[in-house]
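Handing you a structure now.
The values are calculated or read from the model by the stated rules, or taken from the named source; none is laboratory data. From a predicted model like this one, the values you see are computed outputs, not experimental measurements. Please note: Cβ atoms are built from the backbone with ideal geometry, for glycine as well, and neighbour counts cover all protein chains shown. In case anyone asks, the SASA skips ligands and DNA or RNA and just uses the protein heavy atoms, side chains included. Shrake-Rupley method; radii C 1.70, N 1.55, O 1.52, S 1.80 Å.
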There are 2 protein chains.
Amino acid sequence: MKTRVTELFGIEEPVIQGAMAWVANASLAAGVSAAGGLGIVAAGAAPVEWVEEQIEIVRSKTDKPFGVNVMLMNPNSDQIAQLLADKRVPVITTGAGDPGKYMAAWKEVGCKVAPVVASATLARRMERAGADAIIAEGMEAGGHIGQITTMTLIPAVRAAVSVPLIAAGGVADGRGMAAAMMLGAEGVQMGTRFLTIEECTIADAYKEKVLAAKDSDTLVTGQNSGHPVRQLKNRFARTAKHMESDASVTSEELEQFMAGSLRKAVVDGDVVNGSMMSGISACLVHERGTAADVIAEVIGEAEELLGLGAEKLIEMNARAGRVSAAHAE
Amino acid sequence: MKTRVTELFGIEEPVIQGAMAWVANASLAAGVSAAGGLGIVAAGAAPVEWVEEQIEIVRSKTDKPFGVNVMLMNPNSDQIAQLLADKRVPVITTGAGDPGKYMAAWKEVGCKVAPVVASATLARRMERAGADAIIAEGMEAGGHIGQITTMTLIPAVRAAVSVPLIAAGGVADGRGMAAAMMLGAEGVQMGTRFLTIEECTIADAYKEKVLAAKDSDTLVTGQNSGHPVRQLKNRFARTAKHMESDASVTSEELEQFMAGSLRKAVVDGDVVNGSMMSGISACLVHERGTAADVIAEVIGEAEELLGLGAEKLIEMNARAGRVSAAHAE
């Protein structure tokens, strides 16, 4: 599928892999890029050396374009920003902050910049600051989220900016991709859908929880503190939620309880005491496979749906009922 | 547009008007039904006599099918349920509870029953209880909401039930309707989009606030109490939110503060101290018009989008940028 997104990034299909701290390493990013999408290494709160190493590994595995995501609130974001310019990373996506001060340095060496935003106002500001594309992420996504859903955010952002628009949040299959395009998107970013693939190195127990999740199996913590985070429900998430609303718990105690929780789930496979970040779309993920399988399936299904026309789509939906019902049980 | 939803309800277009307490009266319901959609009177917490009167008024204005929504948690729901059977109301939608105990009485006299649900689990339970259709409502909707977004809820419910599926939450135009159909829906329910039409009798000041809303202009109160409600941001909503998180405020004080707040906005046009229920999709509502205008526009746009095919849709999205940008400023 060719859109302005494939053209801008020089990729084969308009499918971006979402940046997930501790999860989106060189293995995942190289897998997705080699399969024709755009793989992204998540710098997260990692040391500069780790990010540099991941860039080298991606480049050793594929000569296709890839990206790195910078969390702008992190203390070492200046150094990471400089590294990405030095390494001429093809695509830079940004989260949690304003990349304005790095934009000139990045664009001078030819990096394409796509900020992740959660509102039309921020999308417009990023376009003015020189963003090459906008990734608009609905609050059904996993990890750090905003307040606006994909269904309402994408048309609002579409009306607000003219650069290529990528929809994120809640997209995990061809139905979601086709829907996002109806809303005005020219590509999609998926995180949760890539959690269970072979190239994703997270613990298998975490993958199993994603595969088993129902639509009501995620929980948003941090809503009162203004930094909402979506994850799968488990003892960790329920305890964190409970501590947040307990006035006798200090923010230091909460912070101490949270410390290392992502690592526990991702590395140790501790699905009880670890934080398993995931979007609501885990309820739509029923398979493992490879990055190539996922991209082929999503693009194939989206193209089929988009080519049906109203009448055949209506017929298909009328028959859809129990077809995949086994997954939902 | 003909789908199983138009067939089931005997209507012309698969567009249902959402039940909104204090808002969805005979004027709005008759307007939407006369225009070929399905108008719904919201019984809300109103007395049985008021509901009976609204049914009479709708029938005096149009001979088209219409519906009534019952909030099952209300104390008088037994009486309302009986009234709807006695009056042989063509369609009954239900919210906030399990309509199981009324199902037999309703279906015996030929009423079609469509529960509003916020999860796939509840959808499946309602289908087993005899529901003729399911209205799955994402948390971008206005008023009382669940936790799951339309983008993820619709495919999850589509995989879980085989009865006709109506998507609600975040749909306010043809883009949203086409997206909902890509996700598996056979019709849409819209509430917010109908707030500003001529047949809607709410105060004009409330309509103006809907027309002016940006994507970030709604606020969800009641999140901690387990009864989340979405409304437009104003002094009332911010104060309620603040009181909720203040441990020194009793639930009686909060209840007293809330009492009559809907009436204040809807009837008095007090957009400062009243509660203006609205979905996030207010950011997509820029016009007034009539029920007939809305239905023609939404169906026309959806049919156009669904008929484009992938290539032309991609071209259109690449040009979409600034077209409606004035609305988003």
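Considering only residues that are within 14 Å of chain A (Cβ to nearest Cβ), in a loop (DSSP other than H, G, I, E, B) and in contact with a strand residue (DSSP E or B) (Cβ under 6 Å, 6 or more places away or on another chain), which ones fall in segment B:4-22?
B:Pro14 - this is the single residue of segment B:4-22 that is within 14 Å of chain A (Cβ to nearest Cβ), in a loop (DSSP other than H, G, I, E, B) and in contact with a strand residue (DSSP E or B) (Cβ under 6 Å, 6 or more places away or on another chain).
Can you pull out every residue in segment B:124-139 that is within 12 Å of chain A (Cβ to nearest Cβ) and assigned to a helix (DSSP H, G or I)?
Across segment B:124-139, the qualifying residues are B:Arg124, B:Glu127.
Looking at (1) under 15 Å from the mean Cα position of the chain (by Cα); (2) crowded, with 18+ Cβ neighbours inside 10 Å, which is the only condition A:Val58 fails?
The number of the failed condition is (1).
Assess whether A:Ala212 counts as being without any contact (Cβ under 8 Å) to a residue 12 or more places away in the chain and within 30 Å of A:Glu304 (Cβ to Cβ).
yes
Moving on to the next point. Could you please give the count of residues in segment A:164-180 that are within 7 Å of chain B (Cβ to nearest Cβ) and over 15 Å from the mean Cα position of the chain (by Cα)?
Total meeting the criteria: 3.
Exactly one of (1) more than 9 Å from every other protein chain (Cβ to nearest Cβ); (2) surrounded by 21 or more Cβ atoms within 10 Å (Cβ to Cβ) is unmet by B:Ser261. Its number?
Exception for B:Ser261: condition (2).
So, one more: In this structure, is B:Thr121 among the hydroxyl-bearing types (Ser, Thr, Tyr), more than 16 Å from B:Ala42 (Cβ to Cβ), facing chain A (nearest Cβ under 8 Å) and in contact with a helix residue (DSSP H, G or I) (Cβ under 8 Å, 6 or more places away or on another chain)?
No.
Which one is surrounded by the most Cβ atoms within 10 Å (Cβ to Cβ) among residues in segment A:140-159 that are closer than 15 Å to A:Val116 by Cβ and at the interface with chain B (Cβ under 7 Å from one of its Cβ atoms)? Give the steps one after another, and end with the answer.
Taking segment A:140-159 first, the residues closer than 15 Å to A:Val116 by Cβ are A:140-148, A:150, A:153-154, A:157.
Those still in the list that are at the interface with chain B (Cβ under 7 Å from one of its Cβ atoms) too: A:140, A:147-148, A:150, A:153.
Numbers: A:Glu140: 31, A:Gln147: 18, A:Ile148: 29, A:Thr150: 34, A:Leu153: 32.
Checked segment A:140-159; the qualifying residue surrounded by the most Cβ atoms within 10 Å (Cβ to Cβ) is A:Thr150.
Do you know which residues across segment B:218-240 are closer than 23 Å to A:Ser119 by Cα and surrounded by fewer than 17 Cβ atoms within 10 Å (Cβ to Cβ)?
Of everything in segment B:218-240, those that are closer than 23 Å to A:Ser119 by Cα and surrounded by fewer than 17 Cβ atoms within 10 Å (Cβ to Cβ) turn out to be B:Val220, B:Pro228, B:Arg235, B:Arg238.
Next question, about the same structure. Which ones in segment A:184-200 are surrounded by fewer than 24 Cβ atoms within 10 Å (Cβ to Cβ) and among the acidic types (Asp, Glu)?
Answer for segment A:184-200, where residues must be surrounded by fewer than 24 Cβ atoms within 10 Å (Cβ to Cβ) and among the acidic types (Asp, Glu): A:Glu198, A:Glu199.
Here is a further query. Might you check whether a residue that is modelled with pLDDT of 95 or more and within 12 Å of chain B (Cβ to nearest Cβ) occurs anywhere in segment A:229-252?
Looking for residues that are modelled with pLDDT of 95 or more and within 12 Å of chain B (Cβ to nearest Cβ), one finds at least one in segment A:229-252, hence yes.
Which residue out of B:Ala114, B:Ala81, B:Ala30 is within 29 Å of B:Met151 (Cα to Cα), modelled with pLDDT of 95 or more and either open to solvent by less than 40 Å² (accessible area, probe 1.4 Å) or outside any loop (DSSP other than H, G, I, E, B) (or both)? Spell out how you get there, then give the answer.
On the way: B:Ala81 fails: within 29 Å of B:Met151 (Cα to Cα); B:Ala30 fails: within 29 Å of B:Met151 (Cα to Cα).
Exactly one of B:Ala114, B:Ala81, B:Ala30 is within 29 Å of B:Met151 (Cα to Cα), modelled with pLDDT of 95 or more and either open to solvent by less than 40 Å² (accessible area, probe 1.4 Å) or outside any loop (DSSP other than H, G, I, E, B) (or both), namely B:Ala114.
So which residues in segment A:33-46 are open to solvent by 10 Å² or more (accessible area, probe 1.4 Å) and modelled with pLDDT of 95 or more, if there are any at all?
A:Ala34, A:Ala35
Which residues, taken from segment B:260-283, are more than 15 Å from the chain's Cα centre (by Cα) and either within 20 Å of B:Gly174 (Cβ to Cβ) or polar (S, T, N, Q) (or both)?
Across segment B:260-283, the qualifying residues are B:Ser261, B:Asn273, B:Ser275, B:Cys283.
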